[in-house]
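A.B. asks: The structure that follows is given in the form of structure tokens.
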Amino acid sequence: METELIALRARVAALERTMAAAAATVVVVVVAAPLVMRAAGPTKVTAPFTVVDEAGRALVEVQSTAGGGRLVVYNAAQDRVAEVQASADGAAGNVHVYLAGDTKAKVRLGVNVGDDTGGLELAGVEGGLAQMSGKGLVIANANRQPIVALRHTSDSGYLRLWTSTTPNTELWSSDQGGGVAVYGSNAAEAATIEGQMGDGKMTLRGISGVAATLESQTGAGRVTLRGNGEPRAIIGVSADDAGLMRMVSAKGTSLEVHAANGSFKALNHAGHEVIDLGIDDHGSGILDVRHSAGVGGARLDVSENGAGNLKIHTPPFEIKAQLGTKGEKGDVCVEGGKGLICLSGIAIKTLTPW
């Protein structure tokens with residue numbers, strides 16, 4: 001019995017030693033483990049403040065401005081490389097990206113409050129820049145003067161090119177068609193090409209205004225050359241589908257060539273035809289020379305048998321003298337006050353009026 005009691009006491013002592021060792025181990029683990037603590041008090045920080053690395057170098061700086069907040073990011077050399085901030089009026093935000101050591105941003109990203117569009121500005125070569133917004137793209141020189149502009153409106157767009165401050169070329173579109181304009185050194189339009197409703201038109205301009213136009217009208221072509229703003233030469237197609245050319249002088253006289261009947265017409269300053277050279281209904285040549293009023297004069301034509309005729313007539317086209325042929329002989333007839341006198345071959349005939 002005593003032996004069993006001694007053994008029991010030995011086991012209890014061993015158990016107590018084991019429990020003591022386990023307790024010591026727990027205490028060591030608890031003391032050595034990091035403690036997770038919940039911050040107590042406010043979680044807001046008042047600007048301005050700077051976030052630094054272990055060496056004390058600034059990484060991020062937060063500032064307060066009139067429009068809101070400003071966040072500045074630095075590189076390892078303490079150069080500003082980026083900014084995020086509110087606009088001065090607080091209406092929008094913007095982002096600036098810098099090349100280390102520069103004071104002028106290379107990239108700007110923001111909002112155009114005036115037209116409610118986003119905007120991106122990129123620094124270019126030689127101080128130039130490119131701007132992209134919800135309305136289009138603009139490339140400018142160092143003076144911020146546009147050199148290229150690509151824009152759009154609700155239903156159309158245009159491309160414009162400048163040389164320095166002078167417009168150079170434009171390309172545009174509209175609901176009626178499209179066009180191109182080229183400008184001269186005086187910033188005035190020198191040439192335009194436009195298409196509207198299925199027809200095209202090219203216009204060339206000089207110092208005094210429009211100098212020439214090339215256009216189509218319902219499928220027919222037309223060229224107009226101008227002098228002092230007035231048409232001086234026109235080449236086109238007539239309503240009867242034939243070539244037509246008209247030349248006009250500053251005095252008002254003009255010439256017309258019409259391919260429909262092979263005619264050549266000369267008009268005086270009053271617009272009356274005084275010379276008419278062409279083809280008659282039989283396919284033979286015919287020439288009319290008229291008074292300044294466009295009447296009277298002389299006609300040279302060819303009869304159906306191939307004989308030539310010269311007729312001298314009054315304004316109502318009453319023939320008063322005629323030179324032609326009769327058979328194999330020449331014939332001349334002159335109408336006097338009381339009759340007609342004809343010279344045929346070697347005979348002279350007197351006839352009653354006809």
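A.B. asks: Below 8 Å, C-alpha to C-alpha, sequence gap of six or more: please give me the relative contact order for region 48-114 in percent. Intermediate results must be reported in sequence, preceding the final value.
C.D. replies: Numbers: 139 pairs, mean separation 13.2, N = 67.
Reported relative contact order: 20 percent.
A.B. asks: Something else: Suppose each label sits 7 Å from its Cα in the direction of the beta carbon; what would the LEU204-LEU71 distance come out to in nanometres?
C.D. replies: With each label point 7 Å from Cα toward Cβ, the separation is 6.2 nm.
A.B. asks: Calculate the length of the line joining the C-alpha centroid of region 235-249 to that of region 264-333, in whole Å.
C.D. replies: Centre-to-centre distance over Cα atoms comes out at 24 Å.
A.B. asks: On to the next question. Please identify the GluC sites (Glu not before Pro) of region 258-340 that satisfy two criteria: DSSP loop assignment and at most 12 other Cβ atoms within 10 Å. Which are they? Mind showing how you got there, number by number?
C.D. replies: Numbers: sites: GLU273, GLU304, GLU318, GLU328, GLU335; in loops: GLU304, GLU318, GLU328.
Here the sparse-neighbourhood loop sites are GLU304, GLU318, GLU328.
A.B. asks: Moving on. Keeping to pairs on different chains or 8 or more places apart, tell me how many lysine pairs in region 191-336 have Cα atoms under 18 Å apart. Working shown, then result.
C.D. replies: Details: LYS251/LYS265; LYS311/LYS320; LYS311/LYS326; LYS311/LYS329.
Eligible lysine pairs with Cα atoms under 18 Å apart amount to 4.
A.B. asks: So which trypsin sites (Lys or Arg not before Pro) in region 203-302 pass both tests, a DSSP loop state and at most 10 other Cβ atoms within 10 Å of the Cβ? Can you show the working numbers first?
C.D. replies: Values: sites: ARG205, ARG222, ARG226, ARG232, ARG246, LYS251, LYS265, ARG290, ARG299; in loops: LYS251, ARG290.
Answer in residue order: LYS251.
A.B. asks: Something else now. What is the Cα centroid distance between region 203-221 and region 64-93, reported in whole angstrom?
C.D. replies: 57
Read-outs throughout are calculated quantities, based only on the coordinates presented, and are distinct from any laboratory measurement. Quantities reported herein were computed from a predicted structural model and do not represent experimental measurements. FYI the Cβ positions are ideal-geometry reconstructions off the backbone, even for glycines, and counts take in every protein chain you see.
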